[in-house]
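J.: Below you'll find the structure I mean.
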Amino acid sequence: MAPVLGWDAWITLGILLLMFVALLKELARPELILPGCLGLLLLFGVLTPEEAFAGFANKAVLAVGALFVIAAGLQHTGALQMADRLVFPRSTRRLSLVTARLMLTTAAMSAFLNNTPIVAMLIPRVRAWCEKTGVPVSKLMIPLSFGTIVGGMTTLIGTSTNLLVAGLMEASGHGSLGLFDLAGVGIPVALGVILYFALIGHRFLPDRSKARPRVEEGLRQCMFELRVAPGSPLAGLSVEEAGLRSLEDAYLVHLRRGEDIIPSSPQTLLREGDVLSFLGSALVLDRLLERPGLSRVQQEVAPTSHTTLPLYEAVVAPTSSLVGKSLREVGFREKYQGIVLGIYRHATTIEGPLSRVPLEAGDLLLIEARNGFDQRWNRQRDEFYLVAPRRPERVKLQTGKAPLALLILAGVILFAALDVADIVTTAFLGALAMIVTGCLRLQDARRAVDFPVLLVIAAALGIGMAVDRTGLAAAAAHLMIDKASVFGTIGVVAALFVATSLVTEVITNNAAAALTLGIGLAASQELGVPPEAFAVAVAVAASASFLTPIGYQTNLMVWSAGGYHFTDFIKSGLIVNLLVTIIAITMIGLLWL
């Protein structure tokens, strides 16, 4: 008999629907939406203050924060650069072998570290290797992202979502997950996806180099502007005489003179103050900036400096305050202390002045800024998912302490695996060790912690508690069992897995896990099967975000870097999602059902 829902369950359901719509339409950032919904549950009396805020003291939140610090320690000591030797072979250029090595290495690293810094570190290295060998970069960027995603499914600390699931289980009185409880499902899933790409999948990835012989680091159709400076020797010359007609990888689209737009032709005469709009490779922008008589449209960030400021590529995040607004509206130069010299948008030609173009999630901005711009904004991924220098400056790493940093990570994993202490204790002690031993400075440790992620997890724990306590999870589980039990218990697990996988494509993976885990745990009680079966199904499915470039942060990071179209992810992701679903459900059935 289906449970009877009380008033608190209906209020919770309404708030959950509100949260889903807000996340789907991106009305605000997740770290605002989830705590806001938690506040509504508190306001209506669905949760007591103790229940609502219990998530902020949950071990999952503390463990994730400590793991951010450990990952930063590995970065600052250069310990992660060992991946170069493992990924890029000197003796072979066979794409199948390189794909397998890339995905195996990144999956292994992502099993114990946050995948975002791994992808950020490897994107420029993959580009450099592809440029040297002639392998299309579009053949390796999706495997890079997918490798880190499936690697995160193999251990409890592989993703924050896994730790959230463990925290929700513990809060519901079902015990918790061990460090390697997901490995029985996650490792076969990871190996299956890696084998698919190594043997077959890489053949179906697009070769963007065929469309344009010279692919320039993801900025093949960049829109950029330059001004004819006062006193410029180009003033009075025609476009052809000024040498702006044949630029190989770019062309002059039009001139803007005051409010007038003048189509470009070889005979068009240039005047002082003309704004020239170009479309093409950012390499051309580099060369044009060196020409006398051409200047930036905006004032330089450091006009008194006699040195050239570095250039950065930044991918606009869906949660960014830039989305839907122009550079002029947000006051980009003042807010971000940088100048946007160009904008690249996937398979779309940008029209109009750069300062008035409404920005979209996934836009790649070419930014001139002072040293350290990438470090400052990479710590705030709500604005940009990735900020990378186009000419990477040599950062002084404490390479002498790389073995020590690796030893600390090994200690964290070993002590947790042997049940000497739980993961929050070992991670916290590992983070402390990184700071005490000098692998990471205290100020860098503070910057490494991604507080918006911690806020989302803490709020999701409270929302998950409301779903469980009000009987909403039990009612949904009863309905799911009633419809899917015709296929047996495995059919119920499969239904929950597919539902979670679909939800995670449109909202954040942590929110998806918080919505569906309570249903799974209630179903396990009603069916009398181990709760681990449903918990692992939710954890793996919530990370199985392969269909779109905006469903997972690493997908968005490689979207521009690989020059992909939106449909490229759908084509690859459909097969991978199906493969992950089949392998995961099969392994769950063998291990627990």
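The values are calculated or read from the model by the stated rules, or taken from the named source; none is laboratory data. Bear in mind that the values here come from a model prediction, so they are computed numbers and not experimental data. Every residue, glycine as well, gets a Cβ built from its backbone with ideal geometry; the counts of neighbours run over all protein chains shown. Remember, those area values only see protein heavy atoms, side chains included, never the ligands or the DNA or RNA. Shrake-Rupley method; radii C 1.70, N 1.55, O 1.52, S 1.80 Å.
Per-residue answers, yes or no, for (1) under 23 Å from the mean Cα position of the chain (by Cα); (2) part of a loop (DSSP other than H, G, I, E, B); (3) surrounded by 19 or more Cβ atoms within 10 Å (Cβ to Cβ):
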| residue | (1), (2), (3) |
| --- | --- |
| Thr504 | yes, no, yes |
| Ser524 | no, no, yes |
| Val529 | no, yes, no |
| Tyr564 | yes, yes, yes |
| Phe569 | yes, no, yes |
| Leu578 | yes, no, no |
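J.: Follow-up. List pairs: first residue in segment 355-368 and part of a helix (DSSP H, G or I), second residue among the aromatic types (Phe, Trp, Tyr) anywhere in the structure, Cβ distance under 9 angstrom, at least six positions apart or on different chains.
T.: Here the result reads Ser355/Phe332, each pair linking segment 355-368 to a residue that is among the aromatic types (Phe, Trp, Tyr).
J.: Go through segment 43-62 residue by residue and tally those that are over 15 Å from Arg469 (Cα atoms) and in a helix (DSSP H, G or I).
T.: Result for segment 43-62: 7.
J.: Only one of Val150, Val135, Val126, Val165 is out of contact with any Ser or Thr (no Cβ under 6 Å at 6 or more places or on another chain), at pLDDT below 90 and surrounded by 24 or more Cβ atoms within 10 Å (Cβ to Cβ); which?
T.: Val126
J.: Return the residue satisfying two criteria in turn: it lies in segment 277-288 and is in a helix (DSSP H, G or I) and at pLDDT below 75, and of such residues it is farthest from the chain's Cα centre (by Cα). Give the derivation first.
T.: Initial filter on segment 277-288 (in a helix (DSSP H, G or I)): 282-288.
Then keep just the ones that are at pLDDT below 75; that gives 282-283, 286.
Working: Ala282: 24, Leu283: 26, Asp286: 28 Å.
The qualifying residue farthest from the chain's Cα centre (by Cα) is Asp286.
J.: Okay, next question. Say we look at segment 549-562 and pick out the residues that are β-branched (Val, Ile, Thr) and buried (at least 24 other Cβ atoms within 10 Å of the Cβ); which of these is farthest from Gly152 (Cα to Cα)?
T.: Among them, the one singled out is Val558.
J.: Kindly establish whether Leu515 is part of a helix (DSSP H, G or I) and farther than 30 Å from Val387 by Cα.
T.: Yes, satisfied.
J.: Can you give me the number of residues within segment 16-32 that are in contact (Cβ under 8 Å) with a residue 60 or more places away in the chain and either open to solvent by less than 40 Å² (accessible area, probe 1.4 Å) or part of a loop (DSSP other than H, G, I, E, B) (or both)?
T.: Result for segment 16-32: 7.
J.: Could you count how many residues in segment 1-14 are open to solvent by less than 40 Å² (accessible area, probe 1.4 Å) and more than 19 Å from Leu479 (Cβ to Cβ)?
T.: Selection size over segment 1-14: 0.
J.: Could you please find all residues in segment 92-115 being surrounded by fewer than 20 Cβ atoms within 10 Å (Cβ to Cβ) and under 21 Å from the mean Cα position of the chain (by Cα)?
T.: Leu104, Ala108, listed by residue number.
J.: Go through segment 325-335 residue by residue and tally those that are closer than 21 Å to Tyr385 by Cβ, open to solvent by less than 50 Å² (accessible area, probe 1.4 Å) and not hydrophobic (A, V, I, L, M, F, W, C).
T.: Number of matching residues: 1.
J.: Restricting to segment 111-123, what's the tally of residues that are part of a helix (DSSP H, G or I) and at pLDDT 85 or above?
T.: 0
J.: Identify all residues within segment 37-51 that are open to solvent by less than 40 Å² (accessible area, probe 1.4 Å) and without any contact (Cβ under 8 Å) to a residue 60 or more places away in the chain; write none if there are none.
T.: Gly39
J.: Still on this structure: Might you let me know whether segment 541-548 holds any residue that is open to solvent by 10 Å² or more (accessible area, probe 1.4 Å) and within 24 Å of Pro30 (Cα to Cα)?
T.: yes
J.: Taking segment 403-460 as the search range and keeping residues that are in contact with a Gly (Cβ under 7 Å, 6 or more places away or on another chain) and not in a helix (DSSP H, G or I), which one is surrounded by the fewest Cβ atoms within 10 Å (Cβ to Cβ)?
T.: Looking at residues that are in contact with a Gly (Cβ under 7 Å, 6 or more places away or on another chain) and not in a helix (DSSP H, G or I), I get Val449.
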